[in-house]
């Protein structure tokens, strides 16, 4: 039958509804759909139905009428009556037309990214709809539809259209669907939407916090099992996501707020989601054969297969427990029964360790932030770890050392425990058992009667030694006890299926040589469901799944008479934030919309309290990497011997000074040691004033030199910013030498920018004043990673020196090889500053800074007033500073900055071609920046803020700067590798492809 044209659609609206509109075509599966738009911008939806079934159309009309009186968490269309006040208009050829109010919003299918809160919103919207339809009835609801999940067994007839692994997956869910029928057929029924797919869900235009705004198209509504509607919602909500189960839980949690899900419904849900996906791919296969050129019928096929394959990999019981947890139930149904049984059948630790004489237990802290563990090089060294444990035991005699239940540990932040979550990398860092740190060969006895379920040891897990699992019974069910890190001779004691009695010897503790160099200990774990594991079992879990896993793996504390958990309670993030607000300086800020609780640093990573690793692209202060083992060791060794001031002779200050002078030009031969970049710049300014007898300084716009009074006076980034003050009379600002959006952008604009120095000097001279000097960052960091033009500093230095001033190069941000091509940034410009200042990168975040100057400056500064600094140049700081220089050389970090920085620049420029929002890319080595602008070069600070926060969600730390807050800085630790750079680019590409980044970046109209 022929389809209506746009002209005919407009005519139907005008003739039957008295509205003059322009029609445009919309997709539709059964009905012909048109968007109607009036001249004033009002919108309507026209639906034309062929071969009209009036009862079915009335069914859809009555649903909307019924729902219009309900308080829903979502908007729905309303029927617009025709001129005769009827909801339906009869057309020729047995067709009928309906006009509905238009719902604004974006289709779910087009939204990117789909956030956790958006999925929760979808759950609330669909749950409120399910609830509102509970009291609705209609005779046409009892119909036979292929898309009704209750009828999805029809897919089995077409199983031979598939082969291999795909056929296996389809058959698995089809068989499971048949197996659950006894329970499924008796589940509650009601009329449901039955097709809340990604093209029937509308989302608000709010790009920062999108929510589901509307649901459309009740054409597949049917009377069926109520749970089917949620299963269908989930099938679409999990598509194109690496972690579909987590996404499903976010929807379920919102859904359950309105429609309370029963345990029996949750038992069937995993299979039902699978069957909806089975129906989708089977239907797509059939439609492809029937309509090979029509993409609409197969639009969901590929993502549906991807989701189906991932859903198949889930353990169904674990999914069920997860669903229960999302609905507020205990994850495992027997958790409370087991806990009650365990507390009335407790045993002593002596039952399990008969040869260990102990009077109490003591907890070891091996959490991510544990100072006992030390850094990576220490806790990865079995000899060091065992020594620390022995020392700890000496201080706690007649005790059993234990720890670990639900402890988040740094050992598990490696690639082996990493997976891709819906927001970047995630790590299984939460330990599910309790570790008892007892000697090798210590015998272990059964705490309860049981049967040997698993005795396991193979090449895959030989680093953890043999593992034993016993099966036990309790009133209500079964539970299991797991014993890991056993000795090899334990394999000879028991066999699978063997019965054991309480107190029977079952194993011996393995030595470090049998357990991948782990210090001797027993990993003990209780389990209520082995989840189909016949060889091994998870000992660690994702932090996001803790509530589920602690229900499956109860606290071993339950079965022992001794109190195992004697550790101190951790302070919550909320308490820390509240304390900061109340008692720390009010100007102290926190990074990101949701602050991070960082407890460990490791190379290029910062690690939070849950063990999530964040790739750090910001922290140039940790120059050679967070907690570099050599730097840490240098500080520890010297601190253990002596730390005092420079009024005593000590070799360390000489050793460090000699090493640093080798890296500086010969004319900079005198060093002053201080504690921070602020202090270094303060001293440099004082030197210039003392030598010249003048007070006036030239500075660069948006420059930053520290936080003391004097340096803030020359930091326009501070005094010219929020909460600042008028420019001091002795400070004279040179325009920011920005060749992209600055005052001058021509090829030789360095001379134009530098001429401002000449003009200011001449004006001061006319007033009878002389300048003390010029201070400038060689590359302006807070100004937005600005790279001044080539001839800029030569010209400025020339004008300053002609006026008798001192030239100070601030290398706090840019020194120590970060430029790649040169060790110092000023060397890029072929200038010789009189004074160079360096800051905390010199000490890899230890408070160490340096002022290097010429002999002439040093001699003129020596007026008789002693310069003394209590901590500057102390042996500990100097030992650390010297180790930093050694690491830069030994690990070839300057060359690394050149190569990785060059790779990043090239990749960022490639991104710039792909995403026009990137206005400029600039920098040298590992001192880079890119700014976000529209096509008129107008800054986009909101986009920059969104990008930084979104990148944090994806596991990468970035920071914003620049006078317009639209520049993203990249100045990571110098150990940043090409692999790290590739990860950064991959995540940037992901975010640049998301909705917010394209919004508002198009060219704005000019005035």
(message) Suppose we filter the range 198-225 for residues that are buried (at least 24 other Cβ atoms within 10 Å of the Cβ) and free of Cβ contacts under 8 Å to residues at least 24 places away in the same chain; how many remain?
(response) 0
(request) Of all residues in the range 9-41, count the ones that are in contact (Cβ under 8 Å) with a residue 12 or more places away in the chain and over 20 Å from residue 200 (Cβ atoms). (result) 15
(request) Give the residues of the range 48-73 that are touching a strand residue (DSSP E or B) at 6+ places or on another chain (Cβ under 6 Å) and assigned to a loop (DSSP other than H, G, I, E, B), sorted by residue number. (result) 52
(request) Inspect all residues belonging to the range 483-496 and state whether any of them is touching a residue at least 24 places away in the same chain (Cβ under 8 Å) and closer than 11 Å to residue 446 by Cα. (result) yes
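How many residues does the range 404-443 contain that are in a loop (DSSP other than H, G, I, E, B) and closer than 23 Å to residue 363 by Cβ?
Residues that pass the stated criteria total 14.
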(message) Condition first: closer than 21 Å to residue 61 by Cβ and surrounded by fewer than 20 Cβ atoms within 10 Å (Cβ to Cβ). Can you find one or more residues in the range 116-134 that meet it?
(response) yes
(message) Testing residue 357 on (1) modelled with pLDDT of 90 or more; (2) surrounded by fewer than 21 Cβ atoms within 10 Å (Cβ to Cβ); (3) not in a helix (DSSP H, G or I), one condition comes back false. Which one is that?
(response) (1)
(request) Can you confirm whether the range 137-145 contains a residue that is over 28 Å from residue 99 (Cβ atoms) and out of contact with any strand residue (DSSP E or B) (no Cβ under 6 Å at 6 or more places or on another chain)? (result) yes
(request) Please specify each residue of the range 730-749 satisfying the condition of being farther than 15 Å from residue 962 by Cβ and either within 40 Å of the chain's Cα centre (by Cα) or at pLDDT 95 or above (or both). (result) 730, 731, 732, 733, 734, 743, 744, 745, 749
(request) Tell me the helices (runs of 4 or more DSSP H) entirely within the range 918-1007 that contain at least 1 residues that are at pLDDT 95 or above and touching a strand residue (DSSP E or B) at 6+ places or on another chain (Cβ under 7 Å). (result) 941-953, 978-992
(request) Of all residues in the range 620-670, count the ones that are surrounded by fewer than 20 Cβ atoms within 10 Å (Cβ to Cβ) and under 23 Å from residue 828 (Cβ atoms). (result) 10
(message) Looking only at the range 226-264, count every residue that is surrounded by fewer than 23 Cβ atoms within 10 Å (Cβ to Cβ) and over 22 Å from residue 548 (Cα atoms) and tell me the total.
(response) 3
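For the range 720-728, check the following and say yes or no: at least one residue is surrounded by 20 or more Cβ atoms within 10 Å (Cβ to Cβ) and at positive phi.
no
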(message) Of everything in the range 551-582, what is closer than 30 Å to residue 950 by Cα and assigned to a helix (DSSP H, G or I)? Give them in sequence order.
(response) 573, 574, 575, 576, 577, 578, 579, 580, 581, 582
(request) Please tell me if residue 711 is within 23 Å of residue 965 (Cβ to Cβ), assigned to a helix (DSSP H, G or I) and in contact with a helix residue (DSSP H, G or I) (Cβ under 9 Å, 6 or more places away or on another chain). (result) yes
(message) One residue is enough: does the range 273-285 have a residue meeting the conditions closer than 23 Å to residue 329 by Cβ and in a helix (DSSP H, G or I)?
(response) yes
(request) Filter the range 219-234 down to the residues that are at pLDDT 95 or above and assigned to a loop (DSSP other than H, G, I, E, B), then identify the one that is nearest to residue 47 (Cα to Cα). (result) 221
(request) Scan the range 166-189 and give yes if some residue there is touching a strand residue (DSSP E or B) at 6+ places or on another chain (Cβ under 7 Å) and surrounded by 19 or more Cβ atoms within 10 Å (Cβ to Cβ), otherwise no. (result) yes
(request) Please specify each residue of the range 330-345 satisfying the condition of being assigned to a loop (DSSP other than H, G, I, E, B) and touching a strand residue (DSSP E or B) at 6+ places or on another chain (Cβ under 6 Å). (result) 334
(request) Mind counting the residues in the range 286-327 that are in contact with a helix residue (DSSP H, G or I) (Cβ under 7 Å, 6 or more places away or on another chain), in contact (Cβ under 8 Å) with a residue 40 or more places away in the chain and not in a helix (DSSP H, G or I)? (result) 3
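The values are calculated or read from the model by the stated rules, or taken from the named source; none is laboratory data. Just so it is clear, the structure is predicted and the values come from calculations on it, not from any experiment. Backbone-built Cβ (ideal geometry, glycine too); neighbour counts: all protein chains shown.
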